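Undergrad: Sharing a structure with you now.
The values are calculated or read from the model by the stated rules, or taken from the named source; none is laboratory data. None of these values were measured; they are calculated from a predicted model. FYI the Cβ positions are ideal-geometry reconstructions off the backbone, even for glycines, and counts take in every protein chain you see. Remember, those area values only see protein heavy atoms, side chains included, never the ligands or the DNA or RNA. Shrake-Rupley method; radii C 1.70, N 1.55, O 1.52, S 1.80 Å.
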Amino acid sequence: MPIDLKIIRTSPDIVKQWQVERGLDAGSVDQFLQADEVFRRLTTDVNHKGKLVRQLQVSLRPGKDKPPIADKAAIVAQMRQLQTEIAALQKEQRLADAKLKALVCAIGNQLDPKLRAMYPALQKPRGSVSSRKHSFDTMNAMMQCTLHHFAKFPSHQL
């Protein structure tokens, strides 16, 4: 299950610490924050330009109290230009969203303190062993925990 985005945005230093505890790269948090900033900026731009298009559409509607529109062609051209810009921004936004989703899946949640106490392999500092060995030890400890759970609760087996 991916981590809550609000936690990454509000407490990136804590999330980086969790990454190190898991033997993962803490730089992925910074990459996520940069991608998130780009995605949020694009979303704001799309929403702002969409609001401008809606305002122009309302200005073109006939009404009892409205004077006739002299520059109707100019307003329509401006709307089309804004819609073209919106389409380009939405394309960028979809790409940024895909990148954001991939990055958030690479960030791990906090390790359960019970697991750390049960399995010493999860407590090894990252610098004392190679990261590949540490990742293997972590995976092995997690598998042992899963097997222990299924042995304790056989009705939960697949």
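Undergrad: May I ask you to list pairs of residues, at least six apart or on different chains, whose Cβ atoms are under 6 Å apart, with the first in the stretch 33-59 being closer than 25 Å to residue 7 by Cβ and the second being in a helix (DSSP H, G or I) and open to solvent by 80 Å² or more (accessible area, probe 1.4 Å)?
TA: 35/99; 42/92
Undergrad: Now a separate question. Filter the stretch 10-37 down to the residues that are more than 12 Å from residue 103 (Cα to Cα), in contact with a Leu (Cβ under 7 Å, 6 or more places away or on another chain) and either open to solvent by 80 Å² or more (accessible area, probe 1.4 Å) or acidic (Asp, Glu) (or both) and list them by number.
TA: Residue satisfying the conditions is 21 alone.
Undergrad: Looking at the stretch 38-61, which of the residues that are of a type in the set (Ser, Thr, Tyr) and closer than 18 Å to residue 95 by Cβ is most open to solvent (accessible area, probe 1.4 Å)?
TA: At the first step, the residues of the stretch 38-61 found to be of a type in the set (Ser, Thr, Tyr) are 43-44, 59.
Restricting the remaining residues to those that are closer than 18 Å to residue 95 by Cβ gives 43-44.
Values: 43: 37, 44: 86 Å².
Across the stretch 38-61, the extreme among qualifying residues is 44.
Undergrad: Scan the stretch 28-67 for residues that are basic (Lys, Arg) and part of a helix (DSSP H, G or I) and jot them down. Give the steps one after another, and end with the answer.
TA: Of the stretch 28-67, the ones basic (Lys, Arg) are 40-41, 49, 51, 54, 61, 64, 66.
Result: 40, 41, 49, 51, 54.
Undergrad: Give just the number: which of (1) exposed (fewer than 15 other Cβ atoms within 10 Å of the Cβ); (2) in a helix (DSSP H, G or I); (3) at pLDDT below 90 does residue 7 not satisfy?
TA: It fails just one condition, (1).
Undergrad: Still on this structure: Which residue, of 88, 26, 70, 77, is at pLDDT 95 or above and among the small types (Gly, Ala, Ser)? Can you show your working first?
TA: On the way: 26 fails: at pLDDT 95 or above; 70 fails: at pLDDT 95 or above; 77 fails: at pLDDT 95 or above.
So the residue among 88, 26, 70, 77 that is at pLDDT 95 or above and among the small types (Gly, Ala, Ser) is 88.
Undergrad: Let me ask another. Among (1) part of a helix (DSSP H, G or I); (2) under 22 Å from residue 106 (Cα atoms), which single condition is residue 25 missing?
TA: Against the list (1) part of a helix (DSSP H, G or I); (2) under 22 Å from residue 106 (Cα atoms), residue 25 comes up short only on (1).
Undergrad: Now for a separate question. Filter the stretch 79-105 down to the residues that are under 21 Å from residue 27 (Cβ atoms), open to solvent by 50 Å² or more (accessible area, probe 1.4 Å) and touching a helix residue (DSSP H, G or I) at 6+ places or on another chain (Cβ under 7 Å) and list them by number.
TA: 99
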